[in-house]
Amino acid sequence: MTYRVNGGTALNFHIPGVGENLRWAAHSCNGFSGGVKTEEFFNPDKGFTSGYDPLWEDMLDKHEEKPFHCMVGGGDQIYCDSLMFEPELQEWANADTAELKLKAALTPEVMFAIDRSVSADAH
């Protein structure tokens, strides 16, 4: 089926037929997180000639051969990568060991920063 959002580019989605197996794929953010330089994914010298990393090239090729009906993705909304940039969490984020992180105090300021970051990621 083809659809458009607000009159934009025509997009397609595929529905399995009666008796056809559902083809689905799952993915995470695949390296696209707060600490990754996304411009590296547009670097022909590193093999990224299309602007997509090899995992997505493979997914697009497989979808072209036999379309996926559903993709289930995780990412920043689940991982909350933006928390690593909150000023109130820098001491915790930069702690040398997991033990130090576990002993860190959950102050009202830290709780406010967590709520602020999670609210921003949800939008």
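The values are calculated or read from the model by the stated rules, or taken from the named source; none is laboratory data. Model, not experiment: these values are computed from the prediction. Cβ: placed from backbone, ideal geometry, glycine included. Neighbour counts: every protein chain shown.
Okay, here's what the table says:
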read-out	value
Of all residues in region 6-37 being within 30 Å of residue 83 (Cβ to Cβ) and modelled with pLDDT of 65 or more, the one that is surrounded by the most Cβ atoms within 10 Å (Cβ to Cβ)	29
Any chance residue 46 is loosely packed, with under 12 Cβ neighbours inside 10 Å, in the same structural domain as residue 27 (by TED's automatic domain parsing), modelled with pLDDT under 80 and out of contact with any Leu (no Cβ under 6 Å at 6 or more places or on another chain)	yes
Hits in region 98-120 (condition: at pLDDT 90 or above and either hydroxyl-bearing (Ser, Thr, Tyr) or not in a helix (DSSP H, G or I) (or both))	104, 105, 106, 107
All positions within region 63-81 that are modelled with pLDDT of 90 or more, surrounded by 13 or more Cβ atoms within 10 Å (Cβ to Cβ) and either farther than 17 Å from residue 28 by Cβ or among the polar types (S, T, N, Q) (or both)	63, 67, 69
